[in-house]
1. Stokes-Einstein at 20 °C, 1.002 mPa s, Kirkwood radius from Cα pairs: D for the chain in µm² s⁻¹?
2. Could you give the Stokes-Einstein D for region 114-155 in µm² per second, using the C-alpha Kirkwood radius, 37 °C, 0.692 mPa s?
3. Based on DSSP H runs of at least 4 residues, each adding -39500 (n - 2.57), what is the mean residue ellipticity at 222 nm of the chain after dividing by all its residues, to the nearest 500 deg cm²/dmol?
4. Quick one: net charge of Thr139's neighbours, Cβ under 9 Å, K/R +1, D/E -1?
5. Using the Cβ atoms and a cut-off under 11 Å, what net charge is assigned to the surroundings of Gly191, where Lys and Arg are +1 and Asp and Glu are -1?
6. On each of the three principal axes of the Cα atoms of region 260-381, give max minus min coordinate, whole Å, ordered largest first.
7. State which entries of Lys171/Lys197; Lys45/Lys240; Lys279/Lys372; Lys59/Lys138 exceed 32 angstrom in Cα-Cα distance in the structure shown.
8. Tell me the angle of helix 8-20 to the major Cα principal axis of the chain, expressed in degrees between 0 and 90 and rounded to the nearest ten.
Amino acid sequence: MDRTLFAPEHDLFRQSFRQFLDKEVRPHQERWASEGQVDREVWRKAGAGGFLCPWLEEKWGGPGGDWLCSVIVMEELARAYESGFAMALHSDIIVPYLHSFGSDAQRAQWLPGCASGELVTALAMTEPGTGSDLAAIKTTAVKDGDDYVINGSKTFISNGQLCDLVVVAVKTDPDPANAHRGISLVVVEAGRPGFVKGKKLHKMGMAAQDTSELFFQDCRVPIGNRVGVEGAGFMMLMNKLQQERLCVAIGAQAGAEQVLKETIAYCKERHAFGKPISKFQNTQFKLVECATKVQIGRVFVDEVVRQHVAGKHLISECSMAKWWLTDTAQEVIDDCLQLFGGYGYMLEYPVARAFMDARVQRIYAGTNEIMKVIIAKQMGL
Ligand SMILES: Cc1cc2nc3c(=O)[nH]c(=O)nc-3n(C[C@H](O)[C@H](O)[C@H](O)COP(=O)(O)OP(=O)(O)OC[C@H]3O[C@@H](n4cnc5c(N)ncnc54)[C@H](O)[C@@H]3O)c2cc1C
């Protein structure tokens, strides 16, 4: 079925981003995976090309496009099997906090660098003791004169090594009675005394993503680095997490489509028992099932994107898209991997990496169980 989301200018944007991927990303993917992070320079190149924060207004240093350009970036990264270069996390998950809730002074200070790639961002919510239960975080920010003094540790933080700015979820009021209203968001710049980037974590997938531990030990940050009002952190996070969930769904969908496309081509070429394996009924049924799931996912996610871009606050639908599309992508990729036989298990075949990369999509950005908790609440259950 034809997609109707995009205008001709989006097609041009897609073409130019594909060229960028061919020139600046694909040749380095193998090395980035072995080094455990992407080159710092590729962020600046992406900024120079207008691919970071493509929706950001020109007055803040952005390219002045719309969010559909971001959707294209996410889709094309997934199609290139690039899971380390966390452009969407930066452009569509973290920078929106600064853009929506920052003061004009903060926007002027940080947004141009975010769009140019001079400033790479990270978002630090998760701690060793808590992930899903955000209200239970223990990192504290205590006022002392004009500063906050931050103490605590965060883990599983994407862009943890390369980040220049970290939006940190902290407790400004540790009273358990104010668990939700005690959370604030504070920006910590790399290089501040007391802010230590810990080790890069070894993961089963996303080999080129520098997911890390972060530590704050009496780290002083001006109170002016707080984003939004004190105690509004939980509300701001809940407000923006819809888009985060949708981003994960968009990537999962595009990844499943790409794997399916390559699997169909492989099944037509690979022979067994004197004929292409695509001629076995089992192969056909599996591919038909995958194609049906992928088609249904495409229609749903495009409609959620359309309404999200139109300004609707879709709590249930973003959560539905996140859990269903990531579960479905995993099923599709698993079925496709099986059709590759032994080659599907070999890392030089993209389907093997796609399988390992896809697994985390059911865990981060809120686990799929938490998505169902949210939907159940919306259903009044
Ligand atoms: C590669 C990677 C990158 C990440 N990047 C970031 C990042 O950049 N920033 C950041 O802050 N975090 C990041 N995370 C952390 C991620 O968001 C958390 O791992 C996730 O939210 C789950 O939290 P947890 O690991 O503490 O699991 P837990 O919260 O301990 O959950 C364990 C299990 O219990 C289930 N569970 C928990 N509560 C409920 C409930 N109420 N009902 C039913 N089941 C429940 C969960 O679904 C899960 O299956 C990343 C994680 C990974 C793996």
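The values are calculated or read from the model by the stated rules, or taken from the named source; none is laboratory data. Note that this is a predicted model, so its numbers are computed, not measured. Ideal geometry is used to build each Cβ from the backbone, glycine not excepted, and the neighbour counts take in all protein chains shown. Please note that ligands, DNA and RNA were not included when accessible areas were found on the heavy atoms of the full protein model with its side chains. Shrake-Rupley method; radii C 1.70, N 1.55, O 1.52, S 1.80 Å.
1. Details: Rh = 21.6 Å.
Estimated via Stokes-Einstein, D reaches 99 µm²/s.
2. Details: Rh = 12.3 Å.
Estimated diffusion coefficient is 267 µm²/s.
3. Values: 11 runs with 174 residues, N = 381.
Dividing the helical sum by the residues of the chain leaves -15000 deg cm²/dmol.
4. Numbers: positive: Lys138, Lys154, Lys171; negative: Glu127.
Value of the local net charge: +2.
5. Values: positive: Arg192, Lys197; negative: Asp164, Glu189.
Residues near Gly191 contribute 0 overall.
6. 56, 26, 24
7. Values: Lys171/Lys197 20 Å; Lys45/Lys240 27 Å; Lys279/Lys372 39 Å; Lys59/Lys138 37 Å.
Flagged as over cut-off: Lys279/Lys372; Lys59/Lys138.
8. Compared with the principal axis, the helix lies near 90 degrees.
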